[in-house]
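Student: Take a look at the following structure, please.
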Amino acid sequence: FNAKTTRMSKRGSKLLRYALINAAWNVSLNNKTFNDYFMLKKSQGNNHYAALGHVAHKLVRVIFKILKDNVAFNLD
């Protein structure tokens, strides 16, 4: 089953969700890797906020990896 439209889950903290979407927008504006990912999701037919949701998920995965492995953040 492939839904034509889906909405972001409203479970969990809406303050955290808001902060992650804002962080995703800022990181996609200032980082080439995240901007490329955002543009890829837009080209796949996602709307602006759906693409930001994907970028936010990628950002969470990157943050988790940094904290888990105790590595220094590299912007490139």
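The values are calculated or read from the model by the stated rules, or taken from the named source; none is laboratory data. None of these values were measured; they are calculated from a predicted model. Cβ sites come from the backbone with ideal geometry, for glycine too, and all protein chains shown count toward neighbours. SASA here: full protein model, heavy atoms, side chains in, ligands and nucleic acids out. Shrake-Rupley method; radii C 1.70, N 1.55, O 1.52, S 1.80 Å.
Student: Restricting the search to the range 27-76, which residues are of a type in the set (Ser, Thr, Tyr) and over 21 Å from residue 3 (Cα atoms)?
Tutor: Correct list: 28, 33, 37.
Student: Name the residue, out of 53, 45, that is on the phi > 0 side of the Ramachandran plot and not basic (Lys, Arg).
Tutor: 45
Student: Cβ-Cβ distance below 6 Å, separation of 6 or more or different chains: which pairs start in the range 40-63 with a residue that is in contact (Cβ under 8 Å) with a residue 40 or more places away in the chain and end on one that is assigned to a loop (DSSP other than H, G, I, E, B)?
Tutor: Listed by first residue and then by second, the contacts come to 53/8.
Student: Looking only at residues in the range 53-76 that are open to solvent by 80 Å² or more (accessible area, probe 1.4 Å) and among the charged types (D, E, K, R), which one is farthest from residue 26 (Cα to Cα)?
Tutor: Selected residue: 68.
Student: Which of the following residues is at pLDDT below 90 and open to solvent by less than 60 Å² (accessible area, probe 1.4 Å): 50, 3?
Tutor: Going through 50, 3 in turn, just one is at pLDDT below 90 and open to solvent by less than 60 Å² (accessible area, probe 1.4 Å): 3.
Student: (1) at pLDDT below 95; (2) of a type in the set (Gly, Ala, Ser); (3) surrounded by fewer than 16 Cβ atoms within 10 Å (Cβ to Cβ): which one isn't true of residue 19, the others all being true?
Tutor: Result: residue 19 fails condition (1) only.
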